[in-house]
Amino acid sequence: MTIERIELNNYRNYTRAQVEPCPGITVFIGPNAQGKTNLLEAVYLCCTGRSHRTRVDRQLIRWESDRARVHIVCRRKDGPHEVEILLDPQEKKQVRVGGKSIARSGELMGHVNGVLFAPEDLRMVKDGPAERRRFLDMELSQISPAYYYNLQRYNRALKQRGALLRTGSASAAQLDVWDGQLCAWGAKIMLARRDFIIRLGERAGKIHDGISGGKEALRCEYKTQVAPDKPEDALRESLAEELLRAREEDLRRQISTVGPHHDDMVLKLNGTDVRAFGSQGQQRTCALSMKLSELQVMRDATGEYPVLMLDDVMSELDPERRRQLLGQLDGVQTMITCTDLEDLAGAPVGRRYRVENGSVREA
């Protein structure tokens, strides 16, 4: 997959901008706080339908503007794809694919695929399980719209069950209905997460071995409340048993204590939890290994690489880790932001853009 054109109108600090990335490495260079990250954020928005920095769409609209627009044209094996997102504070976000408005957000998934590595991604390693679930959900949704819809259905059922628990008068029959929904969609979610973590872990382990010079072994483990190594029917039954076992506790606490909304992905270096015991450098390298492994997993699933976006991360890596990173980019369209071209020493840069005060021009 190759992005051919990015157009922004009244997006963040841009009045108007157009960028045509090359198939290889495109660099956006300029001082901090000039709009480099905003370009990558706009691409990620068209990949997933949301920003990686805010949940408030109004913040994406340029100050004193009424509406913002992001338009991306990309080419995939099956031909050209276009995604357009219109943001209006007075209306619901509009998404168009191929020039036509879509009725369901899941219809966006799979048209523009991207992997973004930004300083914020250290949260995936350092923070709690919610960050790692978010990581799993966003990447799996890009690969599989079916996963996205299953997740939506599960979350709706979870919300309804929670509302019922909070009434304080939930009957067994009422809870049975929502438990059935949670088990049906939850089993599908867990199976997809299990298989994804296995594939991701295999790739990430090999990448990390290279980056660390064979000194550290990275493993990814799926942590869930029921054993996930079962077929779907058996997994659904296990979830039902655990929900029934936890029912008294759920009624007392008025929350759902069992289900994939409590899942986690544990990252271990040489058998030790990176979140609890890893150094800052080890955590950063783990995050990088995970992101690079996504490229391979997405290619295996879709038949083509996603675009890779590296936001101000090169300066955070030592020369050896930079070399290892650059060695992974062959055949991958890559967009990099940086303040100093020296950070890219040795990179075969195909196109450069200078970004200053919301203005972007080829350099």
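Look at the alpha carbon pairs under 8 Å that are at least 6 residues apart: their mean separation over the length of the chain gives a relative contact order of 26 percent. Cβ-to-Cβ counts within 10 Å put 258, 349 in ascending order as 349, 258, the fewest first. Counting neighbouring Cβ atoms within 10 Å and putting the fewest first, the residues 47, 338 line up as 338, 47. Dividing the radius of gyration of the alpha carbons in the range 121-305 by their Kirkwood radius gives 1.02 for Rg/Rh.
What the Cβ-Cβ distance of residue 300 and residue 65 gives, at R0 = 45 Å and to the nearest 0.05, is a FRET efficiency of 0.65. Entry note, the chain: the mean residue ellipticity at 222 nm calculated from DSSP H runs of n ≥ 4, each adding -39500 (n - 2.57), is -13500 deg cm²/dmol after division by the residues and rounding to the nearest 500.
Overall size of the chain from C-alpha positions, given as principal axis extents largest first: 67, 54, 36 Å. As a rough footprinting exposure proxy, the listed residues 262, 81 were ranked by other beta carbons within 10 Å of their own, and the order from fewest upward is 262, 81. Within the listed set 251, 87, 235, the residue fluctuating most in the Gaussian network model of the chain (springs between alpha-carbon atoms under 10 angstrom) is 251. Modelled spin-label separation between residue 155 and residue 362, with each label point placed 7 Å from Cα along the Cα-to-Cβ direction: 4.0 nm. Computed over the chain with a Gaussian network model linking Cα atoms closer than 10 Å, the most mobile of 171, 141, 212 is 171. Of the GluC sites (Glu not before Pro) in the range 1-71, the ones in a loop by DSSP (not H, G, I, E or B) with at most 16 other beta carbons within 10 Å are 64.
Looking at the range 273-359, the pairs of alpha carbons with a distance over 15 Å make up 64% of the total.
Computed from the coordinates by the stated procedures, all read-outs in this text should not be read as laboratory data. Note that this is a predicted model, so its numbers are computed, not measured. Because the Cβ atoms are built from the backbone with ideal geometry, glycine has one as well, and the counts that use them run over all protein chains shown.
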